[in-house]
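Taking it in order: structure first as structure tokens, then the write-up.
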Amino acid sequence: MNNPSLPKRILMIAVYYIGVQLVFSGIVLSILLQNYQISLTDLYVLEETSAIFIDIMAKVNFYGLLIGSIVFIVLFRKDLLSQIKQSAGKWLLIIKTTGIYYVIYILLATFYLSLVEPLLPSTSSQNQELVAMIAKSSPMLMIIATVFLAPFIEEFVFRYALINVENKSKFSKSLIISSLTFGFIHVYAGLQNGQFHELLFLPQYALMGYMMGLIYLKTDTLMGAIFFHIINNLIAVVALFA
């Protein structure tokens, strides 16, 4: 399996950070603010538990990821098809590897959280708390965005675009960068709000990214990492409704 070209890597990262996080989400946000006839300042003043705030966040997240996914499929359809073809004849290996690394992740993450729990005001990161609020307001949008759209886009960005598959080392620079970047993007919102204890969740998310990176390198296809991500998010969603 070969690495994608540098221009393609840059384009993937740009579509995610500039497209999904800024442009696509910004367009959706602008439309929703007009519909609710409120300003961006009014939105920031609203309580995070208010129905309007949660509804807007749910739709911004969903439609931003949906547009991003469509753009990804259009621009990188050959890469997607290539990853699917790479999986041919490897499904047993993919399932086995994904299962083993997921169990290892759960054990290590649970142990780590038990150590830092006394230092945390809550055992859930702001990212998890926002997902929980959205789940109560717009469950279908949240499920589709969290379980399917986010894993699809994020694995192409954080694994496919960032990891050098020619270096299979478990401690390669690209694997470490990929894992830390993945972890940081999941605590960034909390840090923006001055909740610096969110940094304690960084190792948990980075560990998750690291495990998915190992699966990608071991199976030579992105499918295992995507399945890992889907399973993890699905279990988290089921727990919200349990």
> Which residues, taken from segment 170-189, are over 11 Å from Gly213 (Cα atoms) and of a type in the set (Ser, Thr, Tyr)?
Replying inline: Thr181, Tyr188
> Just one of Pro151, Pro139 is buried (at least 20 other Cβ atoms within 10 Å of the Cβ) and either touching a His at 6+ places or on another chain (Cβ under 7 Å) or more than 16 Å from Met212 (Cβ to Cβ) (or both); which is it?
Replying inline: Pro151
>> I need the full set of residues from segment 11-22 which are surrounded by 15 or more Cβ atoms within 10 Å (Cβ to Cβ) and under 23 Å from Leu40 (Cβ atoms), in order please.
In response: Tyr16, Gly19, Val20, Gln21
> Is it true that some residue in segment 166-175 is assigned to a helix (DSSP H, G or I) and surrounded by fewer than 17 Cβ atoms within 10 Å (Cβ to Cβ)?
Replying inline: yes
>> Just to be sure I understand the filter: pairs with C-beta atoms under 6 Å, separated by 6 or more residues or on different chains, first member in segment 22-45 and in contact (Cβ under 8 Å) with a residue 60 or more places away in the chain, second member hydroxyl-bearing (Ser, Thr, Tyr) and part of a loop (DSSP other than H, G, I, E, B). Which pairs pass?
In response: none
>> I'd like to know if segment 226-242 contains one or more residues that are of a type outside the set (Ser, Thr, Tyr), at pLDDT below 95 and outside any helix (DSSP H, G or I).
In response: yes
> Does Lys8 satisfy the condition of being exposed (fewer than 14 other Cβ atoms within 10 Å of the Cβ) and at pLDDT 95 or above?
Replying inline: no
>> So, in segment 96-124, how many residues would count as being within 23 Å of the chain's Cα centre (by Cα) and touching a residue at least 12 places away in the same chain (Cβ under 8 Å)?
In response: 12
> Residues that are under 17 Å from Asn232 (Cα atoms): which helices (runs of 4 or more DSSP H) entirely in segment 27-143 hold 2 or more of them?
Replying inline: 91-116, 126-137, 139-143
> Has segment 59-73 got any residue that is surrounded by 12 or more Cβ atoms within 10 Å (Cβ to Cβ), over 17 Å from the mean Cα position of the chain (by Cα), at pLDDT 95 or above and not aliphatic (A, V, I, L, M)?
Replying inline: no
> Among Ile95, Ile144, Ile163, Ile104, which is the only one that is more than 23 Å from Gln192 (Cβ to Cβ) and touching a Gly at 6+ places or on another chain (Cβ under 6 Å)?
Replying inline: Ile163
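Can you tell which of Phe148, Phe196, Phe182 is closer than 28 Å to Leu120 by Cβ and within 11 Å of the chain's Cα centre (by Cα)? Step through it out loud before you land on a result.
Working: Phe148 fails: closer than 28 Å to Leu120 by Cβ; Phe196 fails: within 11 Å of the chain's Cα centre (by Cα).
Result of the check over Phe148, Phe196, Phe182: Phe182.
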> surrounded by fewer than 15 Cβ atoms within 10 Å (Cβ to Cβ) and of a type in the set (A, V, I, L, M, F, W, C), is that true of Leu81?
Replying inline: yes
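The values are calculated or read from the model by the stated rules, or taken from the named source; none is laboratory data. Everything numeric here is computed off the predicted structure, so don't read it as measured data. So basically every Cβ, Gly included, is an ideal-geometry build from the backbone, and we count neighbours across all protein chains shown.
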